[in-house]
Amino acid sequence: MHQILRIYNSLTRQKEVFQPLKPPFVGMYLCGPTVYGKAHLGHARAAITFDVIFRYLQHLNYKVRYVRNITDVGHLERDLDEGKDKIQQQAQLEAISPMEVAQRYTHTYHKNMEALNVLPPSIEPCASGHILEQIAMIEKIIAQGLAYIIDGSVYFDVMQYNQMHHYGKLSGRGIEASRSGTRTLAKQTDKKQRVDFALWKKAMPMHMMRWPSPWGEGFPGWHIECSAMSTKYLGNQFDIHGGGMDLLFPHHECEIAQAQAALQTNLATYWIHNNLVTIDGVKMGKSLGNFITLDALFTGSHPAIAQPYSPMALRFFMLQAHYRSTLAMTIEGLKAAQQGYRKLMNGLHLLTKRPHEGATPTHTSGLLDAAIDADCVACYSAINDDFNTAKVLACLFNLLKKINGWYNGTLDDGSISTTAWGQLRHTYTTFVSDLLGLKEEHPSTTDQTLTMLLPIYQEAKAAKRYHQIDAIRTALHKMGIAIKDHPNGVDWEYQ
Ligand code: ZN
(Lines give C-alpha, C1' and ligand atoms only; values in the text may rest on other atoms or scores of the structure.)
Protein backbone atom coordinates (compact mmCIF):
# COMPACT_ATOMS: atom_id res chain seq x y z
CA MET A 1 0.00 0.00 0.00
CA HIS A 2 2.80 2.43 0.82
CA GLN A 3 4.44 2.32 -2.61
CA ILE A 4 7.60 4.39 -3.25
CA LEU A 5 8.16 7.88 -1.88
CA ARG A 6 9.51 10.43 -4.34
CA ILE A 7 10.76 13.84 -3.24
CA TYR A 8 11.57 16.88 -5.35
CA ASN A 9 15.20 17.71 -4.61
CA SER A 10 16.06 21.39 -5.13
CA LEU A 11 19.72 20.40 -5.47
CA THR A 12 19.18 18.17 -8.52
CA ARG A 13 15.96 19.91 -9.67
CA GLN A 14 14.11 16.64 -10.07
CA LYS A 15 11.96 14.18 -8.19
CA GLU A 16 14.01 11.37 -6.71
CA VAL A 17 13.19 8.15 -4.91
CA PHE A 18 13.73 8.72 -1.19
CA GLN A 19 16.64 6.62 0.01
CA PRO A 20 17.93 7.48 3.49
CA LEU A 21 21.64 7.14 4.22
CA LYS A 22 21.17 4.79 7.17
CA PRO A 23 17.69 3.29 7.21
CA PRO A 24 15.64 3.04 9.35
CA PHE A 25 17.11 6.34 10.61
CA VAL A 26 16.30 9.64 8.94
CA GLY A 27 17.89 12.98 9.82
CA MET A 28 15.96 16.12 8.92
CA TYR A 29 16.83 19.77 9.58
CA LEU A 30 14.54 22.75 9.11
CA CYS A 31 15.60 26.38 9.43
CA GLY A 32 13.40 27.62 12.24
CA PRO A 33 12.25 31.15 13.02
CA THR A 34 14.30 34.21 13.87
CA VAL A 35 12.45 35.07 17.05
CA TYR A 36 12.10 38.85 16.93
CA GLY A 37 8.35 39.14 16.37
CA LYS A 38 5.11 37.21 16.34
CA ALA A 39 4.88 34.29 13.93
CA HIS A 40 2.97 34.95 10.71
CA LEU A 41 1.47 32.92 7.89
CA GLY A 42 4.87 32.38 6.27
CA HIS A 43 6.16 30.67 9.42
CA ALA A 44 3.05 28.51 9.54
CA ARG A 45 3.54 27.32 5.96
CA ALA A 46 7.11 26.09 6.56
CA ALA A 47 6.19 24.46 9.87
CA ILE A 48 3.10 22.70 8.46
CA THR A 49 4.92 21.52 5.31
CA PHE A 50 7.66 19.86 7.31
CA ASP A 51 5.24 18.62 9.95
CA VAL A 52 3.45 16.57 7.27
CA ILE A 53 6.82 15.26 6.03
CA PHE A 54 7.83 14.39 9.61
CA ARG A 55 4.51 12.63 10.20
CA TYR A 56 4.63 10.67 6.95
CA LEU A 57 8.22 9.51 7.38
CA GLN A 58 7.31 8.23 10.84
CA HIS A 59 4.23 6.56 9.36
CA LEU A 60 6.62 4.74 7.01
CA ASN A 61 8.33 3.45 10.17
CA TYR A 62 11.47 5.54 9.83
CA LYS A 63 13.07 6.67 13.07
CA VAL A 64 13.22 10.37 12.34
CA ARG A 65 15.41 12.82 14.20
CA TYR A 66 13.89 16.17 13.31
CA VAL A 67 15.93 19.24 14.22
CA ARG A 68 14.35 22.68 13.91
CA ASN A 69 16.42 25.55 15.24
CA ILE A 70 15.69 28.88 16.85
CA THR A 71 17.73 31.81 15.52
CA ASP A 72 18.27 34.15 18.44
CA VAL A 73 21.39 36.02 17.31
CA GLY A 74 23.34 36.97 14.20
CA HIS A 75 20.45 37.51 11.75
CA LEU A 76 21.04 41.06 10.61
CA GLU A 77 18.45 43.37 9.11
CA ARG A 78 17.63 42.73 5.43
CA ASP A 79 19.69 39.50 5.69
CA LEU A 80 22.89 41.46 5.06
CA ASP A 81 26.37 41.33 6.58
CA GLU A 82 26.11 44.81 8.02
CA GLY A 83 23.58 46.54 10.19
CA LYS A 84 21.62 45.86 13.29
CA ASP A 85 20.79 42.46 14.65
CA LYS A 86 17.03 41.91 14.17
CA ILE A 87 16.60 40.78 17.75
CA GLN A 88 18.60 43.60 19.25
CA GLN A 89 16.62 46.12 17.21
CA GLN A 90 13.37 44.72 18.63
CA ALA A 91 14.87 44.78 22.13
CA GLN A 92 15.50 48.50 21.79
CA LEU A 93 11.96 49.07 20.53
CA GLU A 94 10.44 47.18 23.44
CA ALA A 95 13.02 48.44 25.96
CA ILE A 96 13.89 44.92 27.10
CA SER A 97 17.00 42.77 26.74
CA PRO A 98 17.67 40.76 23.53
CA MET A 99 17.29 37.47 25.39
CA GLU A 100 13.88 38.60 26.65
CA VAL A 101 12.88 39.26 23.04
CA ALA A 102 14.07 35.80 22.00
CA GLN A 103 12.27 34.18 24.94
CA ARG A 104 9.02 36.09 24.39
CA TYR A 105 8.73 35.23 20.70
CA THR A 106 9.96 31.67 21.09
CA HIS A 107 7.11 31.22 23.53
CA THR A 108 4.45 32.70 21.19
CA TYR A 109 5.86 30.63 18.31
CA HIS A 110 5.48 27.44 20.36
CA LYS A 111 1.93 28.38 21.35
CA ASN A 112 0.98 29.03 17.72
CA MET A 113 2.56 25.77 16.56
CA GLU A 114 0.68 23.82 19.20
CA ALA A 115 -2.60 25.41 18.09
CA LEU A 116 -1.78 24.40 14.51
CA ASN A 117 -1.16 20.82 15.73
CA VAL A 118 2.45 20.99 14.50
CA LEU A 119 4.39 18.29 16.34
CA PRO A 120 7.41 19.53 18.32
CA PRO A 121 10.74 18.66 16.69
CA SER A 122 13.00 16.03 18.26
CA ILE A 123 15.63 18.68 19.04
CA GLU A 124 15.26 22.47 19.01
CA PRO A 125 18.71 24.06 19.36
CA CYS A 126 19.20 27.81 19.61
CA ALA A 127 22.08 29.61 17.94
CA SER A 128 23.30 31.38 21.07
CA GLY A 129 23.69 27.99 22.78
CA HIS A 130 26.06 26.73 20.07
CA ILE A 131 28.72 29.42 19.81
CA LEU A 132 31.59 26.97 20.51
CA GLU A 133 30.49 24.65 17.69
CA GLN A 134 30.29 27.59 15.31
CA ILE A 135 33.77 28.82 16.25
CA ALA A 136 35.16 25.31 15.76
CA MET A 137 33.60 25.09 12.29
CA ILE A 138 34.95 28.52 11.29
CA GLU A 139 38.42 27.43 12.41
CA LYS A 140 38.18 24.39 10.11
CA ILE A 141 37.24 26.63 7.16
CA ILE A 142 40.17 28.96 7.93
CA ALA A 143 42.49 25.93 8.13
CA GLN A 144 41.40 24.96 4.61
CA GLY A 145 42.41 28.41 3.38
CA LEU A 146 38.81 29.25 2.49
CA ALA A 147 38.19 32.10 4.91
CA TYR A 148 40.10 35.22 5.87
CA ILE A 149 40.24 37.44 8.92
CA ILE A 150 40.01 41.20 8.72
CA ASP A 151 39.91 43.35 11.82
CA GLY A 152 38.21 40.82 14.08
CA SER A 153 35.71 39.60 11.48
CA VAL A 154 35.96 36.38 9.46
CA TYR A 155 34.66 36.10 5.89
CA PHE A 156 34.18 33.13 3.64
CA ASP A 157 36.31 33.44 0.52
CA VAL A 158 33.85 32.54 -2.22
CA MET A 159 36.23 33.08 -5.15
CA GLN A 160 38.87 30.83 -3.58
CA TYR A 161 36.25 28.19 -2.75
CA ASN A 162 34.97 28.27 -6.29
CA GLN A 163 38.38 27.27 -7.64
CA MET A 164 37.79 23.75 -6.31
CA HIS A 165 34.07 23.60 -5.68
CA HIS A 166 30.92 24.96 -7.15
CA TYR A 167 29.41 27.92 -5.34
CA GLY A 168 25.89 28.24 -6.73
CA LYS A 169 25.08 24.59 -7.27
CA LEU A 170 21.87 24.80 -5.25
CA SER A 171 20.53 28.11 -6.54
CA GLY A 172 21.89 27.75 -10.05
CA ARG A 173 23.40 31.22 -9.77
CA GLY A 174 26.91 31.75 -11.08
CA ILE A 175 29.28 33.87 -9.05
CA GLU A 176 28.87 36.80 -11.40
CA ALA A 177 25.09 36.67 -11.07
CA SER A 178 25.41 36.33 -7.31
CA ARG A 179 27.69 39.33 -7.15
CA SER A 180 25.35 41.53 -9.12
CA GLY A 181 22.35 40.06 -7.34
CA THR A 182 23.65 40.85 -3.89
CA ARG A 183 21.86 43.91 -2.68
CA THR A 184 23.89 47.08 -2.47
CA LEU A 185 25.34 47.55 0.94
CA ALA A 186 24.59 50.73 2.77
CA LYS A 187 28.19 50.74 3.85
CA GLN A 188 30.76 48.68 1.96
CA THR A 189 32.31 46.25 4.42
CA ASP A 190 35.93 45.33 4.73
CA LYS A 191 35.42 42.05 2.87
CA LYS A 192 37.39 41.35 -0.30
CA GLN A 193 34.48 40.60 -2.60
CA ARG A 194 30.86 41.53 -2.35
CA VAL A 195 29.90 37.86 -2.79
CA ASP A 196 31.91 36.84 0.32
CA PHE A 197 29.82 36.36 3.42
CA ALA A 198 30.45 36.77 7.14
CA LEU A 199 31.22 33.75 9.29
CA TRP A 200 32.01 35.85 12.35
CA LYS A 201 31.44 39.55 12.92
CA LYS A 202 33.43 41.79 15.21
CA ALA A 203 31.05 43.28 17.79
CA MET A 204 30.65 47.02 17.56
CA PRO A 205 29.81 48.95 20.74
CA MET A 206 26.10 48.83 19.77
CA HIS A 207 26.03 45.00 19.72
CA MET A 208 24.76 43.68 23.01
CA MET A 209 25.04 39.98 22.17
CA ARG A 210 28.76 39.16 21.95
CA TRP A 211 31.10 36.32 22.75
CA PRO A 212 34.87 35.92 23.00
CA SER A 213 36.52 34.15 20.06
CA PRO A 214 40.04 33.61 18.66
CA TRP A 215 39.40 36.76 16.58
CA GLY A 216 38.15 38.98 19.40
CA GLU A 217 34.68 39.70 20.77
CA GLY A 218 31.93 39.21 18.26
CA PHE A 219 28.96 37.15 17.15
CA PRO A 220 28.38 34.47 14.52
CA GLY A 221 27.08 34.97 10.98
CA TRP A 222 23.57 33.73 10.34
CA HIS A 223 24.59 31.01 7.83
CA ILE A 224 27.20 29.29 10.01
CA GLU A 225 24.64 28.77 12.78
CA CYS A 226 22.59 26.31 10.77
CA SER A 227 25.62 24.39 9.41
CA ALA A 228 26.98 24.00 12.95
CA MET A 229 23.70 23.03 14.63
CA SER A 230 22.55 20.62 11.91
CA THR A 231 25.82 18.69 11.79
CA LYS A 232 26.14 18.59 15.58
CA TYR A 233 22.89 16.68 15.93
CA LEU A 234 22.58 14.90 12.57
CA GLY A 235 26.17 14.17 11.54
CA ASN A 236 28.27 15.67 8.75
CA GLN A 237 25.96 14.33 6.06
CA PHE A 238 22.28 13.82 6.68
CA ASP A 239 19.12 13.13 4.70
CA ILE A 240 16.87 16.19 4.44
CA HIS A 241 17.48 19.91 4.80
CA GLY A 242 14.45 22.15 4.47
CA GLY A 243 13.31 25.72 4.59
CA GLY A 244 11.31 28.36 2.80
CA MET A 245 12.12 29.19 -0.83
CA ASP A 246 13.41 32.59 0.28
CA LEU A 247 16.21 30.85 2.21
CA LEU A 248 17.53 28.96 -0.82
CA PHE A 249 19.84 31.84 -1.70
CA PRO A 250 22.01 32.97 -0.10
CA HIS A 251 21.37 31.14 3.21
CA HIS A 252 21.33 27.53 1.99
CA GLU A 253 23.88 28.10 -0.75
CA CYS A 254 26.23 29.40 1.97
CA GLU A 255 25.41 26.48 4.25
CA ILE A 256 26.47 24.04 1.53
CA ALA A 257 29.70 25.96 0.88
CA GLN A 258 30.54 26.00 4.61
CA ALA A 259 29.93 22.26 5.00
CA GLN A 260 31.95 21.46 1.89
CA ALA A 261 34.81 23.65 3.12
CA ALA A 262 34.83 22.47 6.75
CA LEU A 263 33.65 18.88 6.49
CA GLN A 264 34.01 17.95 2.82
CA THR A 265 30.35 16.96 2.55
CA ASN A 266 27.25 18.17 0.73
CA LEU A 267 25.54 18.57 4.12
CA ALA A 268 22.22 17.04 3.03
CA THR A 269 21.11 14.62 0.33
CA TYR A 270 17.67 16.12 -0.28
CA TRP A 271 17.01 19.86 -0.17
CA ILE A 272 13.31 20.64 0.19
CA HIS A 273 11.91 24.17 -0.15
CA ASN A 274 8.36 25.25 0.52
CA ASN A 275 7.04 28.13 -1.53
CA LEU A 276 5.86 31.43 -0.12
CA VAL A 277 2.55 32.85 1.01
CA THR A 278 1.54 35.83 -1.10
CA ILE A 279 -0.87 38.64 -0.44
CA ASP A 280 -2.01 40.85 -3.32
CA GLY A 281 0.49 39.05 -5.50
CA VAL A 282 3.61 39.72 -3.43
CA LYS A 283 5.47 37.72 -0.80
CA MET A 284 4.16 38.10 2.72
CA GLY A 285 6.95 38.80 5.18
CA LYS A 286 7.75 40.69 8.33
CA SER A 287 10.54 42.59 6.66
CA LEU A 288 8.08 43.67 3.95
CA GLY A 289 5.50 44.87 6.47
CA ASN A 290 2.54 43.17 4.73
CA PHE A 291 2.18 40.20 7.01
CA ILE A 292 -0.72 38.86 9.08
CA THR A 293 0.35 37.32 12.38
CA LEU A 294 -1.13 34.00 13.42
CA ASP A 295 -2.54 35.57 16.58
CA ALA A 296 -4.32 38.24 14.51
CA LEU A 297 -5.75 35.57 12.20
CA PHE A 298 -6.95 33.39 15.08
CA THR A 299 -8.60 36.31 16.89
CA GLY A 300 -9.80 38.17 13.79
CA SER A 301 -8.06 41.33 14.94
CA HIS A 302 -6.38 42.15 11.61
CA PRO A 303 -8.35 44.74 9.61
CA ALA A 304 -7.93 42.78 6.37
CA ILE A 305 -9.80 39.68 7.55
CA ALA A 306 -12.86 40.92 9.53
CA GLN A 307 -13.46 37.64 11.36
CA PRO A 308 -11.42 35.01 13.19
CA TYR A 309 -10.21 31.88 11.38
CA SER A 310 -9.35 28.89 13.46
CA PRO A 311 -5.92 27.22 13.45
CA MET A 312 -7.37 24.11 11.79
CA ALA A 313 -9.05 26.18 9.06
CA LEU A 314 -5.63 27.71 8.38
CA ARG A 315 -3.96 24.31 8.38
CA PHE A 316 -6.53 23.00 5.89
CA PHE A 317 -6.06 26.17 3.78
CA MET A 318 -2.32 25.53 3.57
CA LEU A 319 -2.68 21.82 2.82
CA GLN A 320 -4.96 22.61 -0.12
CA ALA A 321 -1.95 23.82 -2.08
CA HIS A 322 1.08 21.71 -2.92
CA TYR A 323 3.99 23.00 -0.84
CA ARG A 324 6.01 23.96 -3.93
CA SER A 325 3.25 26.25 -5.27
CA THR A 326 2.81 29.79 -4.07
CA LEU A 327 -0.20 30.19 -1.83
CA ALA A 328 -2.30 33.30 -2.31
CA MET A 329 -3.95 34.43 0.92
CA THR A 330 -7.53 35.46 0.19
CA ILE A 331 -10.61 35.83 2.35
CA GLU A 332 -12.62 33.56 0.00
CA GLY A 333 -9.89 30.93 0.26
CA LEU A 334 -9.94 31.04 4.06
CA LYS A 335 -13.73 30.83 4.18
CA ALA A 336 -13.78 27.87 1.79
CA ALA A 337 -11.07 26.20 3.88
CA GLN A 338 -13.14 26.59 7.02
CA GLN A 339 -16.06 24.86 5.30
CA GLY A 340 -13.82 22.16 3.83
CA TYR A 341 -12.24 21.46 7.21
CA ARG A 342 -15.67 21.07 8.89
CA LYS A 343 -16.85 18.69 6.16
CA LEU A 344 -13.79 16.47 6.67
CA MET A 345 -14.38 16.49 10.43
CA ASN A 346 -18.04 15.52 9.92
CA GLY A 347 -16.75 12.50 8.02
CA LEU A 348 -14.55 11.49 10.96
CA HIS A 349 -17.51 11.86 13.28
CA LEU A 350 -19.79 9.75 11.07
CA LEU A 351 -17.20 6.98 10.88
CA THR A 352 -17.49 6.48 14.63
CA LYS A 353 -21.20 5.77 14.18
CA ARG A 354 -21.18 2.56 12.20
CA PRO A 355 -20.87 -0.56 14.34
CA HIS A 356 -19.99 -2.59 11.29
CA GLU A 357 -17.67 -5.27 12.66
CA GLY A 358 -19.30 -8.65 12.34
CA ALA A 359 -22.16 -7.41 10.21
CA THR A 360 -22.76 -9.36 7.07
CA PRO A 361 -23.54 -7.41 3.93
CA THR A 362 -26.79 -8.42 2.25
CA HIS A 363 -25.25 -8.22 -1.17
CA THR A 364 -22.07 -6.84 -2.67
CA SER A 365 -21.76 -5.84 -6.27
CA GLY A 366 -18.06 -5.19 -5.80
CA LEU A 367 -18.28 -1.89 -7.66
CA LEU A 368 -18.23 0.30 -4.57
CA ASP A 369 -15.55 -1.84 -2.97
CA ALA A 370 -13.35 -1.34 -6.00
CA ALA A 371 -14.00 2.42 -5.98
CA ILE A 372 -13.09 2.65 -2.28
CA ASP A 373 -9.94 0.65 -2.85
CA ALA A 374 -8.96 2.96 -5.73
CA ASP A 375 -9.52 6.07 -3.58
CA CYS A 376 -7.45 4.65 -0.72
CA VAL A 377 -4.58 3.71 -3.05
CA ALA A 378 -4.83 7.19 -4.59
CA CYS A 379 -4.31 8.81 -1.15
CA TYR A 380 -0.99 7.01 -0.83
CA SER A 381 0.00 7.73 -4.44
CA ALA A 382 -0.62 11.42 -3.82
CA ILE A 383 1.43 11.68 -0.64
CA ASN A 384 4.20 9.58 -2.19
CA ASP A 385 4.30 12.00 -5.09
CA ASP A 386 6.37 14.67 -3.31
CA PHE A 387 3.86 15.03 -0.44
CA ASN A 388 1.04 16.29 -2.64
CA THR A 389 -1.44 17.18 0.08
CA ALA A 390 -3.71 18.97 -2.42
CA LYS A 391 -4.29 15.66 -4.20
CA VAL A 392 -4.61 13.80 -0.89
CA LEU A 393 -7.47 16.12 0.08
CA ALA A 394 -9.21 15.51 -3.25
CA CYS A 395 -9.00 11.73 -2.66
CA LEU A 396 -10.30 12.14 0.90
CA PHE A 397 -13.31 14.06 -0.40
CA ASN A 398 -14.03 11.13 -2.75
CA LEU A 399 -14.04 8.85 0.28
CA LEU A 400 -16.19 11.36 2.16
CA LYS A 401 -18.85 11.09 -0.56
CA LYS A 402 -19.12 7.38 0.21
CA ILE A 403 -19.32 8.03 3.95
CA ASN A 404 -22.02 10.66 3.47
CA GLY A 405 -23.81 8.45 0.95
CA TRP A 406 -24.02 5.64 3.44
CA TYR A 407 -25.15 8.01 6.17
CA ASN A 408 -27.81 9.75 4.07
CA GLY A 409 -29.12 6.45 2.77
CA THR A 410 -28.26 7.21 -0.83
CA LEU A 411 -25.81 4.31 -0.88
CA ASP A 412 -27.06 0.80 -0.39
CA ASP A 413 -25.58 -0.16 2.96
CA GLY A 414 -25.10 -3.75 1.93
CA SER A 415 -23.18 -2.92 -1.16
CA ILE A 416 -19.98 -2.11 0.72
CA SER A 417 -18.25 -5.13 2.20
CA THR A 418 -16.99 -5.15 5.77
CA THR A 419 -13.42 -5.29 4.49
CA ALA A 420 -13.87 -2.30 2.19
CA TRP A 421 -15.56 -0.31 4.95
CA GLY A 422 -12.68 -1.11 7.29
CA GLN A 423 -10.19 -0.02 4.64
CA LEU A 424 -12.10 3.23 4.10
CA ARG A 425 -12.27 4.00 7.80
CA HIS A 426 -8.62 3.18 8.40
CA THR A 427 -7.34 5.20 5.43
CA TYR A 428 -9.59 8.18 6.10
CA THR A 429 -8.72 8.50 9.79
CA THR A 430 -5.01 7.84 9.17
CA PHE A 431 -4.76 10.58 6.57
CA VAL A 432 -7.02 13.17 8.17
CA SER A 433 -5.77 12.82 11.75
CA ASP A 434 -2.31 11.26 11.69
CA LEU A 435 -0.78 12.52 8.44
CA LEU A 436 -2.50 15.81 7.62
CA GLY A 437 -2.71 16.52 11.34
CA LEU A 438 -6.27 17.87 11.34
CA LYS A 439 -7.98 17.54 14.69
CA GLU A 440 -11.28 18.36 16.35
CA GLU A 441 -11.17 21.93 17.49
CA HIS A 442 -14.16 22.26 19.73
CA PRO A 443 -13.42 22.37 23.46
CA SER A 444 -14.22 19.38 25.66
CA THR A 445 -17.14 21.34 27.14
CA THR A 446 -18.85 20.98 23.73
CA ASP A 447 -18.73 17.20 24.07
CA GLN A 448 -20.19 17.45 27.55
CA THR A 449 -22.93 19.79 26.34
CA LEU A 450 -23.83 17.42 23.50
CA THR A 451 -23.92 14.41 25.81
CA MET A 452 -26.28 16.31 28.08
CA LEU A 453 -28.50 18.02 25.52
CA LEU A 454 -29.09 15.35 22.86
CA PRO A 455 -31.16 13.03 25.14
CA ILE A 456 -33.19 16.01 26.37
CA TYR A 457 -33.75 17.03 22.76
CA GLN A 458 -34.98 13.55 21.92
CA GLU A 459 -37.41 13.57 24.84
CA ALA A 460 -38.68 17.01 23.85
CA LYS A 461 -39.16 15.77 20.32
CA ALA A 462 -41.12 12.72 21.45
CA ALA A 463 -43.30 14.94 23.66
CA LYS A 464 -43.58 17.61 20.93
CA ARG A 465 -42.32 20.35 23.23
CA TYR A 466 -41.48 22.67 20.34
CA HIS A 467 -40.34 25.52 22.55
CA GLN A 468 -37.68 23.37 24.14
CA ILE A 469 -36.64 21.90 20.79
CA ASP A 470 -36.08 25.39 19.37
CA ALA A 471 -34.13 26.51 22.45
CA ILE A 472 -31.74 23.54 22.21
CA ARG A 473 -31.27 24.00 18.46
CA THR A 474 -30.50 27.70 18.96
CA ALA A 475 -28.02 27.02 21.76
CA LEU A 476 -26.13 24.47 19.66
CA HIS A 477 -26.29 26.67 16.58
CA LYS A 478 -24.35 29.30 18.51
CA MET A 479 -21.65 26.67 19.05
CA GLY A 480 -21.51 25.96 15.30
CA ILE A 481 -23.33 22.66 15.61
CA ALA A 482 -26.49 21.47 13.84
CA ILE A 483 -28.78 18.70 15.08
CA LYS A 484 -29.71 16.05 12.54
CA ASP A 485 -32.97 14.13 12.90
CA HIS A 486 -32.99 10.53 11.72
CA PRO A 487 -35.66 7.83 11.79
CA ASN A 488 -33.79 5.99 14.56
CA GLY A 489 -32.47 8.88 16.60
CA VAL A 490 -30.62 12.15 16.48
CA ASP A 491 -27.08 13.12 15.70
CA TRP A 492 -25.05 16.29 15.22
CA GLU A 493 -22.64 17.77 12.73
CA TYR A 494 -20.59 20.94 12.18
CA GLN A 495 -22.52 23.56 10.29
ZN1 ZN B 1 19.09 28.07 8.46
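Computed from Cα atoms alone, the Kirkwood hydrodynamic radius reported for region 444-494 is 11.0 Å.
Would you mind checking the pairs LYS86/LYS191; LYS343/LYS401; LYS38/LYS111; LYS191/LYS283 and listing those with alpha carbons more than 19 angstrom apart? Mind showing how you got there, number by number?
On the way: LYS86/LYS191 22 Å; LYS343/LYS401 10 Å; LYS38/LYS111 11 Å; LYS191/LYS283 30 Å.
Listed pairs above 19 Å: LYS86/LYS191; LYS191/LYS283.
Under the rule a/c < 1.5 gives rounded, and otherwise a/b versus b/c splits prolate from oblate, where does region 214-268 land using the Cα gyration tensor? Because a/c hits 1.5 or more and a/b fails to exceed b/c, region 214-268 counts as oblate. Got the relative contact order for region 444-494 handy, in percent, Cα pairs under 8 Å and 6 or more residues apart? Relative contact order of region 444-494: 26 percent. Here r is the Cβ-Cβ distance between MET204 and ARG13 and R0 is 51 Å; the resulting FRET efficiency, rounded to 0.05, is 0.80. Remark: region 1-158 projects, on average over all directions, an area of 12.3 nm² (convex hull of Cα atoms). Annotation: per residue accessible area for region 444-494 equals 64 Å², rounded to a whole number [probe 1.4 Å, protein chains only]. Label sites at LEU60 and ASP373, each approximated as a point 7 angstrom past Cα along Cα to Cβ, lie 2.5 nm apart.
Which three semi-axes in whole Å describe the equivalent ellipsoid of the chain, each the square root of 5 times a Cα gyration tensor eigenvalue, listed largest first?
Details: eigenvalues 503, 141, 59 Å².
The answer is 50, 27, 17 Å, longest axis first.
Classification of region 301-435 by its C-alpha gyration tensor yields a prolate form. The axis ratio a/c (a ≥ b ≥ c) is 1.5 or more, and a/b outweighs b/c. Here is how the number arises for the chain: DSSP H runs of 4 or more residues each give -39500 (n - 2.57), the sum is divided by the residue count, and the result at 222 nm is -14000 deg cm²/dmol.
Farthest toward the positive end of the dipole of the chain, out of GLY480, GLY152, PRO455, is the Cα of GLY480, where the dipole comes from beta carbon charges about the Cα centre. Taking trypsin sites (Lys or Arg not before Pro) that fall in a DSSP loop and have at most 10 other Cβ atoms within 10 Å as cut points, what is the longest piece of the chain between them? Longest gap between qualifying sites, sites excluded: 188-463. Please find the FRET efficiency linking LEU21 to ALA143, where r is the Cβ-Cβ separation and R0 is fixed at 41 Å, and quote it to the nearest 0.05. My answer for the efficiency is 0.95.
Is region 109-181 rounded, prolate or oblate when judged by the Cα gyration tensor, a ≥ b ≥ c being the square roots of its eigenvalues, rounded requiring a/c under 1.5 and prolate requiring a/b larger than b/c?
oblate
Set the Förster radius R0 to 25 Å, insert the Cβ-Cβ distance between ALA306 and SER444 as r into 1/(1 + (r/R0)^6), and round the FRET efficiency to 0.05. Kindly include the intermediate steps, with their values, before the conclusion.
Numbers: r = 29 Å, r/R0 = 1.16.
After rounding to 0.05, the efficiency reads 0.30.
Computed over protein heavy atoms with a 1.4 Å probe, the accessible surface of region 60-99 works out to 41 Å² per residue. Between ASP190 and TRP211, the contour length at 0.36 nm per residue exceeds the Cα-Cα span by 5.5 nm. Taking the accessible area of the chain, probe 1.4 Å, and keeping the other protein chains in place, the carbon and sulfur fraction comes to 54%. What fraction of the DSSP beta bridges in the chain is antiparallel, stated in percent and rounded to the nearest 5? Roughly 55 percent of the beta bridges in the chain run antiparallel, per DSSP.
Histogrammed with a bin width of 5 Å, the alpha carbon distances of region 400-491 distribute as 3, 10, 16, 16, 16, 18, 13, 6, 2, 0 percent, first bin at zero. Hey, what angle do you get for helix 98-115 against the long axis of the chain, alpha-carbon based, 0 to 90 degrees rounded to 10? Taking the Cα atoms of the chain, the angle to 98-115 is about 30 degrees.
Could you work out how far the C-alpha centroid of region 82-118 sits from that of region 381-407, in angstrom? When both Cα centres are located, 38 Å separates them. In the context of the full set of protein chains, residues of region 301-435 present 40 Å² of accessible surface per residue (probe radius 1.4 Å, heavy atoms only).
Extent along the principal axes, Cα only, for region 239-291: 43, 19, 12 Å, with the longest axis given first.
Between the helical axis of 444-462 and the longest alpha-carbon principal axis of the chain there is an angle of about 20 degrees.
Once both labels are positioned 7 Å from their Cα atoms along Cα-to-Cβ, the gap between LYS111 and ALA328 label points is 3.4 nm. For region 261-333, the extents of the C-alpha atoms along the principal axes are 53, 26, 22 Å, listed from largest to smallest.
The values are calculated or read from the model by the stated rules, or taken from the named source; none is laboratory data. All figures in this text were calculated on a predicted structure; none of them were measured in a lab. Counting neighbours? That spans all protein chains shown, and the Cβs are built from the backbone with ideal geometry, glycine included. Protein only, heavy atoms only, side chains kept; ligands, DNA and RNA dropped before computing areas. Shrake-Rupley method; radii C 1.70, N 1.55, O 1.52, S 1.80 Å.
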